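Read-outs throughout are calculated quantities, based only on the coordinates presented, and are distinct from any laboratory measurement. All figures in this text were calculated on a predicted structure; none of them were measured in a lab. No Cβ is skipped: glycine too gets one built from the backbone with ideal geometry, and neighbour counts run over all protein chains shown.
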Amino acid sequence: MDAMKFFQLSAGNWRSQRTTHHLAFRQAEKGELDINVATLKADHPQVIELCELHKINPSLAAGGALVSWQGTMAWDQTDEGHKDSTVMVVVPDADSPRHGKLLREKGYAETMPVAGLYQMDAQDGLVLITEYETMSAHERFSFITPSRRMRTSIVKRFGGFSSASFCIETRIDSNLENLENRANTGSNIGVTSQQQQNVLAPEEYYSILGW
């Protein structure tokens, strides 16, 4: 799997349950976000515009994604919420589409355009490494089943403050018909037929952190 395939499999609406550990304060914060992922073709105007912003030839881009989100975290102040969107563009290395640059209109840890590195690991997880002016971020996305993703992230601030997040993201769009077709045809993301049936069946889910 390459990064664009990962984005294509992620297209749709997701509910993210997140626990963020603020290591300096030894406290954990819980929250929930609704996320929408829409893929963009390589010749999409937003892909071309972001490449030009980062001074990269648009012909090198494999495509991109428009990601929007809204939700709340436990420590939010009154009327404070998390609602925003960003464009991401995949620029593969010439010798391997499983490695390359990930251009962002807006960063994960700082709201400014940023270019990071991506790689697909041995388990087909998408790993993003981004260096900002005042911090660095390491993120990993992976599919548990076609309708569930796991996301972990570590943000290290240069002043010594760090945080680590763990998210379970569940597909909430009406994509079960596609999943059923995928199960019937045997097409899957490296999961067994029993796991496919588990995706289609109603179930109660608990994360390893107990929430």
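If I take R0 = 30 Å and measure r between the Cβ atoms of Ala94 and Asp173 in this structure, what FRET efficiency does the formula 1/(1 + (r/R0)^6) give, to the nearest 0.05?
The formula returns an efficiency of 0.30 here.
Given points 7 Å out from each Cα along the Cα-Cβ axis, report the Arg148 to Leu9 separation in nanometres with one decimal.
Simple spin-label model gives 1.6 nm for this pair.
Identify all lysines with a Cα-Cα distance to Lys41 below 25 Å; exclude those on the same chain that are fewer than 8 residues away in sequence.
Of all the lysines, those that pass the test against Lys41 - Cα under 25 Å, at least 8 places apart if same chain - are Lys5, Lys55, Lys83, Lys101, Lys106.
Hey, for a label at Trp69 modelled as a point 7 Å past Cα toward Cβ, could you say which residues of the range 143-163 have their backbone N under 19 Å away?
Label zone hits: 143-145, 147-157, 162-163.
What list of ³J(HN,Hα) values in whole Hz, one per residue of the range 130-145 in order, does the Karplus curve 6.51 cos²θ - 1.76 cosθ + 1.60 (θ = phi - 60°) give from phi, with Gly and Pro shown as x?
In residue order, the calculated couplings are 10, 9, 9, 5, 10, 6, 9, 10, 10, 10, 9, 10, 8, 8, 8, 9 Hz.
Want the number for Lys41 to Phe161: 0.36 nm per residue separation, take away the alpha-carbon distance, what's left?
Taking 0.36 nm per residue and subtracting the Cα distance, the gain is 39.4 nm.
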